[in-house]
Every structure is written in structure tokens, then in C-alpha cells.
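The structure appears right after this line, and notes come after that.
The values are calculated or read from the model by the stated rules, or taken from the named source; none is laboratory data. These numbers were taken from a predicted model, which means no experiment stands behind them. We place every Cβ from the backbone using ideal geometry, glycine too, and count neighbours over all the protein chains shown. For the accessible areas, the whole protein counts, side chains as well, though only heavy atoms, and no ligand, DNA or RNA atoms are used. Shrake-Rupley method; radii C 1.70, N 1.55, O 1.52, S 1.80 Å.
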Amino acid sequence: MAHILSCSGLCKRVPTAEGWLSILSEIYLQVEAGESLAIGGVSGAGKSTLLGLLAGLDTPSAGEIYLAGEPLHAMDEEQRAALRARCVGFVFQTFQLLPGLSAVENVMLPLELAGANAPRRRAAEFLERVGLSARLRHYPKQLSGGEQQRVAIARAFASEPQVLFADEPTGNLDAQSGARVAELLFELNREAGATLLLVSHDETLAARCNRRLRLHAGSIAP
């Protein structure tokens, strides 16, 4: 199988009053197309930072990242944004829905930006698949946390991403809502055949992935 995502010598440092702080150091990773990978570790280990770098949301201090065969590390922000629009989906712990848009409009937005055909119909179809066909015109503040996360999942999958990044997707949900969201996440991912990179403290959720790795102090633990 081909590598859909890989990095080598990946480092991330940030300036502080006392000097430079190393968040990630010498990360080497290869992810196969269609694989699901859970990234674990204690708070502050660098999990979300690694996810952001691999998704092109941030730039590394050193090292190389290839996403769908493209040199992410060598791109400017405009080029990274274009690559994300073509092949990446996101599900965040904080949902990241736009409060002034309804559920169907939140799902439609990236489809419209990508020039997809019939974005409203496609958005409505995915909201129906996550059980929200009766909530299309509701705004985020009118939805529960679990419902908001289901809207975010519909938005992520509607664009048919090659790679889906999920950062603590059940972290803000109660156990029942979290279980429902997790089931939807893996169900849609199986159907889509997308590659899934998941950051989570939830051991049950992480155990459903094909492979797991743990970060410790900014490095992959042996």
C-alpha cells in the first residue's frame, strides 16, 4: 500500500522568555492509505501539535512532511490551504462550527468553497446519515454538544477527504453522546475508505484503530 502521509526528522520549537522550547523532536512516521492510527500520550506530550503539523495547519521548525505525495513542508499557507481543501477533513474537540450558520450551511460551506456540485443536497444527505435530518435549519446554539459534533463529522466527510484528522472528537461529550459520535466516526470512515488519524485520551476509542502510537515528551515512545 502507498503512504498517504509521512514525515521524517519532524521538529517543532517555539520561543519562550527563557529561550527555545522543544515541543516535538525527531518524529519519523509513515501512514498507509486507508489505515487508522491513534496517537496517545499525556497532556503536553505534543499530540495536537503533531496532528496540526501533519494536517498543514502549522509549519515545522525542521523536517519533512509529505501529504498525498505533496511536500507539505515546502508549501506556503495558500498552497497548504489548497491541499487541505482537496484531500483533508477535520473533526475537532470544540466542534469549530460557525455560530451564524445553520447546520446545513456549516456542512455546505467547505463544499461551496471547493466548487462541489449540489452542495445543499449533499450537505443534507450527510446530515441525514448522522441522524440530524430534522435539525438542518438549527443553529449551533440550538444543538446539544453531541449534535454539534455530528454536524462537524458530516462536514468532514461530505468533502470526501483522503485523510481525516480527529483531535479529541469525544473530549467535550458525555459518555452516551461520545459513544454515538465514535460509532459514526468509524462507520463513515469504513464506508469512505479514508485514512484516519485520531488523537484521544479515550482508550476504548483508540483501541478501535488499526495502529496506535504514544508520544512522550515530544518523541514517539518505544
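With contacts defined as alpha carbon pairs under 8 Å and 6 or more residues apart, what's the relative contact order of the chain in percent?
Numbers: 419 pairs, mean separation 64.2, N = 222.
Relative contact order comes out at 29 percent.
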Notebook entry, point to check: Which angle between 0 and 90 degrees, to the nearest 10, do you get for helix 145-158 versus the longest principal axis of the chain when only C-alpha atoms count?
Noted result: 80 degrees
Checklist line | Positive-end residue, the chain charge dipole about Cα centroid, Cβ charges, pick of Trp20, Leu215, Leu109 | finding: Leu109
Margin query: Restricting to Cα pairs below 8 Å that are 6+ residues apart, what does the relative contact order work out to for the range 4-109? Please round to a whole percent.
Written below: 26 percent
Checklist line | Heavy atoms of His73: accessible area, 1.4 Å probe, square angstrom to 10 | finding: 60 Å²
Check: What number comes out for the charge environment of Thr204, summing +1 per Lys or Arg and -1 per Asp or Glu over other residues with Cβ under 15 Å away?
Finding: -2
Margin query: With an 8 Å Cα cut-off and a minimum separation of 6 or more residues, compute the relative contact order for the range 113-222 in percent.
Written below: 22 percent
Margin query: Full-extension gain between Ser144 and Leu101, please, as 0.36 nm times their residue separation minus the C-alpha to C-alpha distance.
Written below: 13.9 nm
Item checked: For Arg214, residues with placed amide H under 5 Å, excluding near neighbours -> Gly40, Ala221
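Mind putting a number on the dipole of the chain about its Cα centre? Charges go on the C-beta only, +1 for Lys and Arg and -1 for Asp and Glu, and I need it in Debye to the nearest 20.
On the way: 21 positive and 24 negative charges, 90 e Å.
It comes to approximately 440 debye.
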Checklist line | Rough spin-label spacing in nm, given labels placed 7 Å along Cα→Cβ, for Arg211 and Ser22 | finding: 2.4 nm
